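Worksheet: one structure, shown below.
The values are calculated or read from the model by the stated rules, or taken from the named source; none is laboratory data. Keep in mind that this is a model prediction, so the values were computed, not measured. With ideal geometry, Cβ positions are generated from the backbone for all residues, glycine too; neighbour counts draw on all protein chains shown. For the accessible areas, the whole protein counts, side chains as well, though only heavy atoms, and no ligand, DNA or RNA atoms are used. Shrake-Rupley method; radii C 1.70, N 1.55, O 1.52, S 1.80 Å.
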Amino acid sequence: MSKWLPFLIGWRFYRARQNNGFIGFISFASTAGIALGVAVLIIVLSAMNGFEKELQTRLLGVISHGELVGVNEPIQDWQAIAETAKNIPQITGLAPFVRLQGLVQKPGGFQGIVVNGIDVDYEQQVSSIAQYMNDSAWQSLQGSDNHIVLGRSLLDKLQLEVGDTLAMYTPAANNNRLSAAKSHRFVVSGVYDLGGEIEASQAYVPLKYLSELLNMGDGVSGIRLQVDNVFSAPSVTRDLGYAQEQYLYLNDWTRTQGHLYQDIQLVRMVMYLVLALVIAVACFNIVSTLVMTVRDKASEIAILMTMGLKRSAIMAIFIMQGGLNGLLGCSIGGILGMLIAVNLSAIAKGLESMLGIQLLDSDIYFIDFLPSQLQTHDVLFVVFIGLVMSLLATIYPAWKATKIAPAAALAGR
């Protein structure tokens, strides 16, 4: 019984202070603050995890992890590069492409567009773009017809429909004047729905048709790479590029889309800092609560000390009280945060329909919904941090309780 006596007394003190209106309010504020900080931190981290997952599965699933592009002339023997790539185990896929940039006319002006000539047999090794269009649109990219598949937002901007003809203008050789531009016509054979900047500027056509249009013969503009680890793409692209005799431009996703990943990591770090400070402020309320409790229970502490209770046991009494605040706040915040994080996408959609707003515009962001991915280690880490900060906040008031002079406290009773 002596071993558990400090905890029994601490539990009685904890229950008794709830009957004291002011101390009870401060105690409630500290618990609510910890719960709020823990819940919001779990929700924000889950949202950041969701953005990172969508970045890797959606955006990096469509754009190339790495590219080798011919300098001033096409790559004639791209099959030889493909053979060299087999010696690099990190490369999981490779596909040739022909690229053409130009302008298309839209109501009120012109729209820049990048047309990618792809071979559907190879493209599936490096891109998941086929998942964002129907089968008929994907099959239309086979062969050598002048078919083109546009992004949904680009199709809407151009006010076109499937089956319409699209005119694209490119500068004539050695002449950048629009009056001397060449005109190329394509038949819109399908639409893909991906979202973001890619959907508004990228289009797909059969590789054979575009290579014939540009008189490339068997050459291609470049080669796209897929690697097993997206963060190794820069080094893998360099290794393959340096092994070639032809001059090549070496590109990778960190140059074109790396800012998105860096922004996600920056927001994650800032949220850690800000919400950790929210939890710290709530823990200061634990300090205030325990300081007032120590003063309120000074005579009881003095009696316990005169009865032989050790100073370490006195500290344990008040550490337990503050720990209960932290445990209760972390438990409520953890449960609430997990419930909201799991249903965050549905909650965001409900708010959009209720308020008539759009939280994420697909024309600006690469997704048009609020993603969420709850990870167990994030929950455990946040709860652990909340408990540690709560316990640290109890040390000073608990130590002050051991400095009470029994005679003076009983004399003033």
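Here are the numbers for the structure shown:
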{"item": "Only one of 28, 51 that is open to solvent by 10 Å² or more (accessible area, probe 1.4 Å), free of Cβ contacts under 8 Å to residues at least 60 places away in the same chain and not basic (Lys, Arg)", "result": "28"}
{"item": "Selection status of residue 162, touching a Leu at 6+ places or on another chain (Cβ under 7 Å) and of a type in the set (Val, Ile, Thr)", "result": "no"}
{"item": "One residue from 88, 81 being over 27 Å from the mean Cα position of the chain (by Cα), over 22 Å from residue 202 (Cα atoms), surrounded by fewer than 19 Cβ atoms within 10 Å (Cβ to Cβ) and among the β-branched types (Val, Ile, Thr)", "result": "88"}
{"item": "Candidates 247, 242, 272 - the one that is in contact with a helix residue (DSSP H, G or I) (Cβ under 9 Å, 6 or more places away or on another chain) and of a type in the set (Phe, Trp, Tyr)", "result": "272"}
{"item": "Test: residue in the stretch 127-142 that is open to solvent by 30 Å² or more (accessible area, probe 1.4 Å), at pLDDT below 90, within 30 Å of residue 244 (Cβ to Cβ) and in a loop (DSSP other than H, G, I, E, B)", "result": "yes"}
{"item": "Single match in 41, 68, 36 (criterion: at pLDDT 75 or above, open to solvent by less than 30 Å² (accessible area, probe 1.4 Å) and either in a helix (DSSP H, G or I) or over 30 Å from residue 248 (Cα atoms) (or both))", "result": "41"}
{"item": "Within the stretch 215-231, tally of residues that are open to solvent by 30 Å² or more (accessible area, probe 1.4 Å) and either assigned to a helix (DSSP H, G or I) or under 21 Å from residue 189 (Cα atoms) (or both)", "result": "1"}
{"item": "Residue in the stretch 335-358 that is modelled with the highest pLDDT, counting only those that are open to solvent by 60 Å² or more (accessible area, probe 1.4 Å) and over 17 Å from residue 40 (Cβ atoms)", "result": "346"}
